[in-house]
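This report concerns only the one structure given below.
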């Protein structure tokens, strides 16, 4: 008897609700001729589809799974999902999903002693259509509380924020449609893969041709007790053709800021203090209270670090 429970309910308004769940069960996979049991923990999910076929919600949780092989054991913690999906305008394939996914974490034990652990991991997605559904702005945020090796925290308070503004909705709809058809057909042959690649090459430039901004709004963490930080914003001007090679860079500009403690670099096997001191003397990097900082800009085919031009082969600001 399968432990899977699926129930479908229809509302009077025309909406539909799926209930999907299962009780705890065990899967035995064979490794080196011996069965290795995977313990699958319970799960419950509710998926609702609106009567207008333009709105969905997904709420639920899965308690995770565990696997023990000899002296080693992996425990994958619970996953919780709470998202809403909205179909954009009259586009057939274009949906915008907003919500959260939370992974409780992952633990690896050896001889019943914890040797690795990470978590919780939180993923948040957001976005909105603008200009009467002609363009999309989307963003995502991923946070990781900690990563441990044995009892040592080697990484904590990790944050990654990414945003994209000005994506062409019609092109995204075409891209989603192509991806859907490729999935349905399998697209396993080389001919099918080549055809898919050609379609994507035609769609991707259109997605950003009316102007586009990509930002890493935050990339930060404490690595072995040392705070690191990075931000970046790149803009593609209207009319740019990203398939035009080096010529496309005339319509690209970017700024970035980065800070890394020297103490952290000293922990790396390839640390070269002479090289670090050389770039500081040239003005490309500044050191303030033991923290190395640089501000990078790319504009009109010219790259500067802390205001100092950096020669790049094949590029010219002229």
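In Å³ and rounded to a whole number, note down the convex hull volume per residue for the Cα atoms of segment 7-114. Write down the numbers at each step before the final one.
Details: hull volume 13.8 nm³, N = 108.
Convex hull of Cα atoms, per residue: 127 Å³.
Rounded to the nearest 0.05, what FRET efficiency do residue 248 and residue 15 give with R0 = 41 Å and r taken as the Cβ-Cβ distance? Could you check?
Approximately 0.35, to the nearest 0.05.
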### Task
Only one of the values (i) 24.8, 74; (ii) 22.0, 68; (iii) 20.1, 60 was calculated from this structure for Rg and Dmax of the Cα atoms in Å; name its label.
(i)
### Cα-projected label distance for residue 126 with residue 157, points at 7 Å along beta-carbon direction, nm
2.1 nm
### Task
Over segment 71-307, calculate the relative contact order: mean separation of alpha carbon pairs under 8 Å at least 6 apart, over the residue count, as a percent.
12 percent
### Query
When the chain is treated as a GNM, springs tying every alpha-carbon pair under 10 Å, which of 201, 232, 267 comes out with the largest mean-square fluctuation?
267
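Every number in this text was worked out from the coordinates using simple rules, so none of it is lab data. For clarity, every value in this text was computed on a predicted model and none was experimentally measured. Here the Cβ is made from the backbone with ideal geometry for all residues, glycine too, and neighbour counts use every protein chain on show.
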